[in-house]
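Peer 1: Input: one structure, supplied below.
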Amino acid sequence: MSKKGDARIPVGILGATGVVGQRLVRLLEDHPWFRLATVTASDRSAGLPYAEAARWIQSGPIPEEAADLVVRPTEPMAGVPMVFSALDSSVAGPLEKGFAEAGILVVSNASNHRMGRQVPLLVPEVNPEHLDLVDGQEYPEGGGIITNPNCSTIGLSLVLGPLHAAFGVEAVQVVTMQALSGAGLPGHAALEMQDNVIPFIPGEEEKLEEETLKILGVRGEGGVTPAAFPVSAQCNRVPVSDGHTALVSLKFVEPVSPEEAAAHLASFQGLPQELGLPFAPRRPIHVLSDHRHPQPRLHRDLEEGMAVSVGRIRPCRINDLRMVILSHNTVRGAAGGALLCGELAVAEKKIPGVRPPVPTDDR
Ligand code: NAP
């Protein structure tokens, strides 16, 4: 129930019971702009109180404002101008389209619409100008689809973006070590993952190779011209709970030393920082100097999981530079990244009549 004087924007979560949906529930607790008004999931969960439907795996209790919400079937509802989708990609495509057709802005974590010509694939610090693509979508006023990239792609692109703008990236080789939470619920069996590494994640390498180029591409008439350099990705599932690590080797057009790259990354800021968006990290990229860093357990929660950390920036014998990038896959790589996209959409007036609420003392 809305608290007295609560002027926040009512939002919904589609697929609220899964790993990313739960993280969204957690991050929306006390959000200054958004109020969780409704949660949806599959027919298995619909009709149950959220606390009963969700197999809760986040630390801490289920936020009060979510626990008693009755899970609804995933169908458009009135009174909610924006929804965050954490639907399984086997069903997300047509369901999200249905919400957009009903005049609701969908911010999606699913892969289904990411490569659509008029669909923004956003890392808000890197390509905020791509948001305007949504204006060309053929949905009723207020309706549309904005997408959050693949979880590994977000960490990689957030670091490549400033480097590409300054020095011109010519080639990327990346090997990832991806956390268990990236596989969703119920995920891998414990026996399969303990003491083990699985050198294959279906569809993941293709997403890293294609989405990165769209994010770093140039927006023009009717779409994005993707960046032209090759990306070669190899992805592994490892027994880490949260936090994707990427080992990256880069070739540049302009010569760049490890010190120059480090200084450039450490000072990088984007539009979310300029606008002071509520979920924007103060510094999106933390450059770490200890040779043993970054590590998932130590660094995934930097700036509430919204900052990526970069370490071991050093020369490469094949390309120009090597480095290690760590990002929180369910925060920056999913729920938190989607929240930042939603905040940017509101700040940039993409929903008619919806503006950031003026803070009051009532909450
Ligand atoms: P998950 O744990 O498997 O959760 C999937 C959600 O979709 C659940 O809420 C589930 O509801 C709902 N769902 C399944 N079938 C449905 C149907 N027929 N109708 C309505 N709802 C249905 O998956 P996840 O890891 O949270 O991922 C969610 C999405 O985000 C996926 O598209 C994934 O690719 C993407 N993503 C995940 C990560 C990550 O790190 N995990 C990162 C980036 C992007 P029930 O509980 O009722 O079955």
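Peer 1: Considering only Cα-Cα distances, which of the following residue pairs are longer than 30 Å: K97/K251; K214/K251; K251/K350? Don't skip to the answer; put the middle values down first.
Peer 2: Details: K97/K251 39 Å; K214/K251 19 Å; K251/K350 37 Å.
Pairs exceeding the cut-off: K97/K251; K251/K350.
Peer 1: I've got another one for you. Treating cross-link reach as a plain straight distance, find the aspartates and glutamates whose alpha-carbon is under 12 Å from the alpha-carbon of K349, omitting any fewer than eight places away in the same chain.
Peer 2: Within the straight-line cut-off, K349 pairs with D132, D135.
Peer 1: A further question follows. Apply 1/(1 + (r/R0)^6) to the Cβ-Cβ distance of R282 and D43, taking R0 = 45 Å, and write down the FRET efficiency to the nearest 0.05.
Peer 2: 0.60
Peer 1: Separate question: Calculate, for H291 and S90, the FRET efficiency according to 1/(1 + (r/R0)^6) with r their C-beta to C-beta distance and R0 30 Å; round to the nearest 0.05.
Peer 2: 0.10
Peer 1: In whole Å, what are the Cα extents of the range 1-116 along the three principal axes, biggest one first?
Peer 2: Ordered largest first, the range 1-116 gives principal extents of 38, 30, 24 Å.
Peer 1: Moving on to the next point. Share of antiparallel DSSP beta bridges in the range 250-363, in percent to the nearest 5?
Peer 2: DSSP beta bridges in the range 250-363 are roughly 65 percent antiparallel.
Peer 1: With a 10 Å radius around each residue's Cβ, average the other Cβ atoms per peptide and rank 328-341, 346-359, highest first.
Peer 2: 328-341, 346-359
Peer 1: Just report the Cα centroid separation between the range 178-220 and the range 71-134, whole Å.
Peer 2: 20
Peer 1: Gaussian network model of the chain, Cα springs within a sub-10 Å range: biggest mean-square fluctuation belongs to which of G116, G12, G143?
Peer 2: G116
Peer 1: Could you identify which residue out of A171, A280, A110 has the top mean-square fluctuation in a GNM of the chain using Cα springs shorter than 10 Å?
Peer 2: A171
Peer 1: Which of the listed residues, Q118, P230, L191, is farthest toward the dipole's positive end in the chain, when Lys, Arg count +1 and Asp, Glu count -1 at the beta-carbon?
Peer 2: L191
Peer 1: With a cut-off of 20 Å, note down the residues of the range 153-187 whose backbone N falls inside the zone around a label point 7 Å from the Cα of L298 toward its beta carbon.
Peer 2: 177-179
Peer 1: Hull surface divided by four, with the convex hull built on the Cα atoms of the range 232-316: how many nm²?
Peer 2: Here the figure is 7.0 nm², rounded to one decimal.
Peer 1: I'd like the Kirkwood hydrodynamic radius of the range 151-329, using the inverse of the mean 1/r over distinct C-alpha pairs, in Å.
Peer 2: Details: mean 1/r = 0.0595 Å⁻¹.
Taking the inverse mean of 1/r over all distinct Cα pairs, the range 151-329 comes out at 16.8 Å.
Peer 1: Could you give P(r) for the chain, binned at 10 Å from zero, as whole percent values over all Cα-Cα pairs?
Peer 2: 5, 26, 35, 24, 9, 1, 0
Peer 1: When the helices in the chain are scored as -39500 (n - 2.57) per DSSP H run of 4 or longer and the sum is shared across all residues, what 222 nm value do you end up with, to the nearest 500 deg cm²/dmol?
Peer 2: Result for the chain: -7000 deg cm²/dmol, rounded to the nearest 500.
Peer 1: About the Cα centre, and with charges only on the beta carbon of Lys, Arg (+1) and Asp, Glu (-1), how big is the dipole of the chain? Nearest 20 debye, please.
Peer 2: Approximately 460 debye in magnitude.
Peer 1: Separate question: Please work out how much length the chain gains when fully extended from E206 to S241, using 0.36 nm per residue of separation minus the C-alpha to C-alpha distance, in nm with one decimal.
Peer 2: Here the answer is 10.3 nm.
Peer 1: Work out, step by step, the length gained on full extension between S257 and Q269: first 0.36 nm times the residue separation, then minus their alpha carbon distance; give nm to one decimal.
Peer 2: Gain on stretching S257 to Q269: 2.3 nm.
Peer 1: Based on the Cβ-Cβ distance from E129 to L191, what FRET efficiency comes out when R0 is 45 Å, to the nearest 0.05?
Peer 2: Once the sixth-power term is evaluated, E becomes 0.45.
Peer 1: Report the label-to-label distance for R117 and C316 in nanometres (one decimal), using points 7 Å from each Cα along the Cα→Cβ vector.
Peer 2: 3.4
Peer 1: Out of A246, A102, A263, any idea which swings most in a Gaussian network model of the chain, alpha carbons joined below 10 Å?
Peer 2: Of the options given, A263 has the highest mean-square fluctuation.
Peer 1: Share of antiparallel DSSP beta bridges in the chain, in percent to the nearest 5? Don't jump to the answer; show the numbers that get you there.
Peer 2: Numbers: 25 of 56 bridges.
Of all bridge pairs located within the chain, approximately 45 percent are antiparallel.
Peer 1: While we're looking at this one, here's another question. Quick one: length gained pulling E64 to A183 fully straight, 0.36 nm per residue minus the C-alpha distance?
Peer 2: Result for the pair: 40.1 nm of gain on full extension.
Peer 1: Tell me the net charge near I57. Cut-off is 13 Å between Cβ atoms, I57 excluded, with +1 for each Lys or Arg and -1 for each Asp or Glu.
Peer 2: Working: positive: R23, R26, R55; negative: D242.
Counting the neighbours of I57, the net charge comes to +2.
Here, each number is a calculation from the coordinates, and none is a lab measurement. Source: prediction; values computed, not measured. Backbone-built Cβ (ideal geometry, glycine too); neighbour counts: all protein chains shown.
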